[in-house]
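Peer 1: Input: one structure, supplied below.
The values are calculated or read from the model by the stated rules, or taken from the named source; none is laboratory data. In this text the structure is predicted, and so the values were computed from the model without any measurement. Note: ideal-geometry Cβ built from the backbone for every residue, glycine included; neighbour counts use all protein chains shown.
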Amino acid sequence: MARQRDTAGLVDAEKRFYKFRLGQISDLSIALSQVSGGGTMRLYNDTNRNGQFDFNDGPAVASGSGSLSSNRPISAVLPSTETYFLEVTRDFTFSTMQYDITFNTTQYPGNLPTDPGSEPTTAFNLGNLSRGGRLDARDYVGTVDNNDLYRFTLTEAATVTFAKADIAGSINTEVTIYQDQNNNNILELSESLGSVFGPQASTSLQAGTYYVLAGQFNLNNTAYSLSISA
Ligand SMILES: [Ca+2]
Ligand SMILES: [Ca+2]
Ligand SMILES: [Ca+2]
Ligand SMILES: [Ca+2]
């Protein structure tokens, strides 16, 4: 766990901004303490990737608040692919606000060099799978990255087991297996071979290229693991 603390707070200004990145997929918590006055925290990611906080960055990924009587920290699992902006806004009922702010992170490192896209052309290629083999992926899906699509090639007919686990954050990562049967680089609903509802599912597959989509359709934030074995 890493911890960083800013005791400067804000005194007269209405807002104060913090800009940061995460070294790994992390369970991030941001808490205000020692608050005089009161205010809210809103966490944004740089959705238009221009390095600046602007009106195109939003909606907020998470929010929290702090006052003399109550503190509601921000808590969310988030990926390392983003630049984040935290906005601390003084409540208008107070003329000044002072606070300590603490950033805590618990890291859940992924094992991929790049984030998987959401289409066959941008899917992350896990490579070949043959009997006795196993492919592993660990990454994030959630509010700032809705899904991850993987591709693998089964080199021979085999019973393939798909296993998933939610490592941190909200549960319910959805995993669906596809085959691009008409070779148009689009995964149609009719090309779904089924979804993994429990922790794992097995199915008999012919040799060929397959796609596995991991998603968080209710926009929770999850660090997950996926393994495909034959
Ligand atoms: Ca921006
Ligand atoms: Ca991801
Ligand atoms: Ca993705
Ligand atoms: Ca297709």
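Peer 1: For the range 146-171, which positions are in a strand (DSSP E or B) and within 14 Å of ligand 2 (Cβ to nearest atom)?
Peer 2: Asn147, Asp148, Leu149, Tyr150, Lys164, Asp166, Ile167, Ala168, Gly169
Peer 1: Only residues that are without any contact (Cβ under 8 Å) to a residue 40 or more places away in the chain and part of a loop (DSSP other than H, G, I, E, B): list them for the range 172-223, please.
Peer 2: Those that are without any contact (Cβ under 8 Å) to a residue 40 or more places away in the chain and part of a loop (DSSP other than H, G, I, E, B): Gln179, Gln181, Asn182, Asn183, Asn184, Glu188, Phe197, Gly198, Pro199.
Peer 1: Looking at (1) crowded, with 16+ Cβ neighbours inside 10 Å; (2) in contact with a Gly (Cβ under 9 Å, 6 or more places away or on another chain), can you tell me which one Val196 breaks?
Peer 2: (2)
Peer 1: Which strands (runs of 3 or more DSSP E) does the range 38-143 wholly contain that include 3 or more residues that are within 16 Å of ligand 1 (Cβ to nearest atom) and surrounded by 15 or more Cβ atoms within 10 Å (Cβ to Cβ)?
Peer 2: The strands (runs of 3 or more DSSP E) meeting that bar are 38-45, 83-90.
Peer 1: Would a scan of the range 177-189 turn up a residue that is charged (D, E, K, R), at pLDDT 95 or above and touching a strand residue (DSSP E or B) at 6+ places or on another chain (Cβ under 6 Å)?
Peer 2: No, the range 177-189 contains no residue that is charged (D, E, K, R), at pLDDT 95 or above and touching a strand residue (DSSP E or B) at 6+ places or on another chain (Cβ under 6 Å).
Peer 1: Oh, and also: Yes or no: Ile167 of a type in the set (Val, Ile, Thr), assigned by TED's automatic domain parsing to the domain that holds Tyr211 and without any contact (Cβ under 8 Å) to a residue 40 or more places away in the chain?
Peer 2: It is false that Ile167 is of a type in the set (Val, Ile, Thr), assigned by TED's automatic domain parsing to the domain that holds Tyr211 and without any contact (Cβ under 8 Å) to a residue 40 or more places away in the chain.
Peer 1: For Ala207, are the conditions met, namely being surrounded by 14 or more Cβ atoms within 10 Å (Cβ to Cβ) and more than 19 Å from Asp139 (Cα to Cα)?
Peer 2: No, not satisfied.
Peer 1: Condition first: hydroxyl-bearing (Ser, Thr, Tyr) and either away from ligand 4 (no atom under 16 Å from the Cβ) or in contact with a His (Cβ under 7 Å, 6 or more places away or on another chain) (or both). Now tell me which residues in the range 96-142 satisfy that.
Peer 2: Residues satisfying the conditions are Thr96, Tyr99, Thr102, Thr105, Thr106, Tyr108, Thr114, Ser130, Tyr140.
Peer 1: Oh, and also: Can you confirm whether the range 164-175 contains a residue that is at pLDDT 95 or above, within 19 Å of Gln200 (Cα to Cα) and surrounded by 17 or more Cβ atoms within 10 Å (Cβ to Cβ)?
Peer 2: No, the conditions are met nowhere in the range 164-175.
Peer 1: Looking only at the range 101-144, which residues are in contact with a Ser or Thr (Cβ under 6 Å, 6 or more places away or on another chain), away from ligand 2 (no atom under 12 Å from the Cβ) and among the basic types (Lys, Arg)?
Peer 2: Passing the criteria: only Arg134.
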